[in-house]
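A.B. asks: Pasting in a structure now, in structure tokens, and then I'll have a few things to ask.
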Amino acid sequence: MDSTDTELEDIEVELLVRALQRRHGYDFGQYSPASLKRRIQQLAHTQGDGTISRLIERVLHEPGFLQVVLEGLSVPVSEMFRDPPVFRALREQVLPVLASYPQINIWQAGCAHGQEVYSLAILLEEEGLYERTQIYATDFNESALRQAQEGIYPAKEAQLWSRNYLEAGGRHTLADYYSARYELIKLDQRLRRNVIFANHNLVADEVFCEAQLVVCRNVLIYFSDALQDRTLALFRHSLVRGGFLCLGTRESLDFAPSAKDFTPVDAGLRIYRLGGRSAVRG
Amino acid sequence: MPAPQAVVLGCSAGGLAALETVLAQLDPALPQALIVCCHTGSSDVGLFCELLALHSALPVAEAAERHPARGGVVHVAPSGYHLLLETDHRFSLSIDPKVCYSRPAIDVLFASAAAAYRERLVGVLMTGANHDGASGLAEIRRRGGIAVVQDPQDAEAPSMPQAALDLAGADHCLPLQQIGPLLNRLCLP
Ligand SMILES: C[S@@+](CC[C@H](N)C(=O)[O-])C[C@H]1O[C@@H](n2cnc3c(N)ncnc32)[C@H](O)[C@@H]1O
């Protein structure tokens with residue numbers, strides 16, 4: 001590939017993004033370009049006979065192909081209790097505050113295959129708060145949402161997740177919450193009783209609910225500065241005063257003006273509270 | 001030819017010792033950003049950065065999301081994330097699936113850096129026991145950047161540099177001890 005070929009590819013990426021937007025209303029124009037391009041190249045490989053132009057054609061003309069593209073561009077990669085210290089902090093520092101609310105609403109945005117949803121449900125169950133909690137689990141990847149509802153995962157993940165669970169301060173063993181069959185584990189469906197799974201696009205849709213806690217980890221890393229900021233503003237509107245926001249442990253708020261509305265509870269673990277220090281006392 | 005703006009370095013098994021050797025020999029006046037992807041298998045590269053800093057002629061820090069790659073600094077890919085460069089030379093992270101069983105993957109860093117720096121990039125691939133980095137290095141060459149590969153016979157684990165030579169070839173293939181001095185020559189005006 002010489003330099004004209006690589007520029008050509010940049011043009012194709014741009015045109016695909018435009019096609020998705022004009023034809024289907026999905027706007028990836030504000031995603032971080034480097035990783036978006038990588039995923040588009042992979043899609044071209046698996047779905048476009050190797051060219052992005054072929055993807056564009058299919059996006060424009062083939063009913064049903066949009067879903068394939070959305071699934072290819074979304075990254076539903078997750079773990080239960082990923083970054084155990086974060087879940088420990090939620091358990092030890094955040095839930096005790098939430099306990100003072102008669103009804104607790106949690107919005108988990110970008111829930112992928114639901115691993116973190118079940119992790120949160122287990123935390124709440126063990127802290128005796130789940131009966132009065134509603135978890136809203138959203139994603140824009142319809143097939144990921146369906147899998148999230150089923151709660152079925154490869155059994156080979158169980159070992160890592162069990163370790164994570166214990167490191168996060170789990171009171172039992174993770175195996176108490178799933179049944180294993182063949183190569184799969186299935187999470188106890190009772191954990192789902194207070195979860196509402198819903199399709200929500202952070203780029204286009206409005207505030208989803210009023211929440212005391214928003215968990216949105218490793219989603220904003222895919223967004224440009226402007227879209228990250230806009231999404232933080234969405235979370236700000238969704239949160240009650242003093243409500244908590246939990247982001248991925250390597251996300252940076254240094255380029256988002258909206259970050260000024262959030263005060264770190266544990267900056268290293270990316271747990272914040274809405275409002276200045278004085279506003280969140282007590 | 002204009003001087004490179006950045007150097008990307010990839011390694012795996014035996015990588016810590018190899019990096020220590022290379023970074024110790026660098027000229028502290030290097031104006032380029034150095035960006036490292038090493039499969040450490042640990043969940044936190046903080047300690048890895050500290051160990052490198054003991055030997056490095058230049059300051060070492062974990063690459064921070066959205067922050068620019070800075071000249072004269074060694075940036076290290078965080079554990080558990082792919083590290084990418086945007087065209088404005090700022091860092092992005094992703095948790096896309098592993099590549100060559102690795103996250104961070106050298107291929108992901110190299111390919112994105114190749115797009116961001118084009119011919120003003122040096123890619124260095126050293127010891128390792130898989131084939132990560134080979135296609136990334138090919139991408140660097142395609143964009144006109146310079147490819148440096150550790151001589152497999154000199155590497156603690158030869159398969160990674162060998163895979164790179166097979167797929168991408170190299171502008172320079174040499175033992176570890178000579179990589180630092182070569183980088184100084186390539187990078188300093
Ligand atoms: C890498 S996963 C993160 C999963 C989980 N939170 C974690 O950290 O383990 C990112 C998720 O964000 C979702 N996502 C990306 N863009 C989105 C958007 N515009 N609206 C809603 N969800 C989005 C993807 O579909 C994917 O499931």
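A.B. asks: Restricting to region B:88-103, name every residue that is part of a loop (DSSP other than H, G, I, E, B), open to solvent by 10 Å² or more (accessible area, probe 1.4 Å) and at the interface with chain A (Cβ under 10 Å from one of its Cβ atoms). Don't jump to the end; show me each part of the working.
C.D. replies: Taking region B:88-103 as the starting set, the residues that turn out to be part of a loop (DSSP other than H, G, I, E, B) are B:88-89, B:95-98, B:100-101, B:103.
With the extra rule that they be open to solvent by 10 Å² or more (accessible area, probe 1.4 Å), the set shrinks to B:88-89, B:96-98, B:100-101, B:103.
Selection gives B:ASP88, B:ASP96, B:PRO97, B:LYS98, B:ARG103.
A.B. asks: Continuing with the same structure: Give the residues of region A:206-252 that are within 14 Å of chain B (Cβ to nearest Cβ) and either more than 11 Å from the ligand (Cβ to nearest atom) or modelled with pLDDT under 95 (or both), sorted by residue number.
C.D. replies: Within region A:206-252, A:SER224, A:ASP225, A:ALA226, A:GLN228, A:ASP229, A:LEU232, A:SER252 qualify.
A.B. asks: If the requirement is being over 30 Å from A:ASP229 (Cα atoms) and surrounded by fewer than 12 Cβ atoms within 10 Å (Cβ to Cβ), which of these qualifies: A:GLU167, A:GLU157, A:GLU183?
C.D. replies: Among A:GLU167, A:GLU157, A:GLU183, only A:GLU183 is over 30 Å from A:ASP229 (Cα atoms) and surrounded by fewer than 12 Cβ atoms within 10 Å (Cβ to Cβ).
A.B. asks: Right, here's the next one. Are any of the residues in region A:15-27 closer than 17 Å to A:GLY110 by Cα and within 13 Å of chain B (Cβ to nearest Cβ)? Spell out how you get there, then give the answer.
C.D. replies: Just the residues of region A:15-27 that are closer than 17 Å to A:GLY110 by Cα, to begin with: A:26-27.
Restricting the remaining residues to those that are within 13 Å of chain B (Cβ to nearest Cβ) gives none.
No, there is no match, as no residue in region A:15-27 is closer than 17 Å to A:GLY110 by Cα and within 13 Å of chain B (Cβ to nearest Cβ).
A.B. asks: What do you reckon, is A:ALA137 farther than 30 Å from A:ASP254 by Cβ, within 12 Å of the ligand (Cβ to nearest atom) and open to solvent by less than 30 Å² (accessible area, probe 1.4 Å)?
C.D. replies: So A:ALA137 fails the test.
A.B. asks: Condition test on A:LEU253, is it crowded, with 20+ Cβ neighbours inside 10 Å, touching a strand residue (DSSP E or B) at 6+ places or on another chain (Cβ under 8 Å) and part of a strand (DSSP E or B)?
C.D. replies: no
A.B. asks: Which residues, taken from region B:27-44, are crowded, with 23+ Cβ neighbours inside 10 Å and either over 14 Å from the mean Cα position of the chain (by Cα) or modelled with pLDDT under 95 (or both)?
C.D. replies: Going through region B:27-44, the residues crowded, with 23+ Cβ neighbours inside 10 Å turn out to be B:32-39.
Across region B:27-44, the qualifying residue is only B:HIS39.
A.B. asks: Please work out if A:SER100 is farther than 30 Å from A:ALA226 by Cα and open to solvent by 10 Å² or more (accessible area, probe 1.4 Å).
C.D. replies: The answer is yes for A:SER100.
A.B. asks: Shifting gears a bit: Being open to solvent by 20 Å² or more (accessible area, probe 1.4 Å), under 27 Å from A:GLN21 (Cβ atoms) and among the charged types (D, E, K, R) is the filter here; which residues of region A:194-232 pass it?
C.D. replies: A:ASP205, A:GLU206, A:ASP225, A:ASP229, A:ARG230 - these are the residues of region A:194-232 that are open to solvent by 20 Å² or more (accessible area, probe 1.4 Å), under 27 Å from A:GLN21 (Cβ atoms) and among the charged types (D, E, K, R).
A.B. asks: Another one. Can you tell me which residues in region B:64-87 are in contact (Cβ under 8 Å) with a residue 24 or more places away in the chain and either farther than 23 Å from B:LEU183 by Cα or facing chain A (nearest Cβ under 9 Å) (or both)?
C.D. replies: If the condition is that a residue be in contact (Cβ under 8 Å) with a residue 24 or more places away in the chain and either farther than 23 Å from B:LEU183 by Cα or facing chain A (nearest Cβ under 9 Å) (or both), then B:ALA64, B:GLU65, B:ARG66, B:HIS67, B:PRO78, B:SER79, B:GLY80, B:HIS82, B:LEU84, B:LEU85, B:GLU86, B:THR87 are the ones that fit.
The values are calculated or read from the model by the stated rules, or taken from the named source; none is laboratory data. Just so we're clear, the structure is a prediction, and the values are computed from it rather than from any experiment. Quick reminder, even Gly has a Cβ in these numbers, built from the backbone with ideal geometry, and neighbours come from all protein chains shown. Each accessible area value is taken on the protein alone, full model and side chains, heavy atoms only, with ligands, DNA and RNA left out. Shrake-Rupley method; radii C 1.70, N 1.55, O 1.52, S 1.80 Å.
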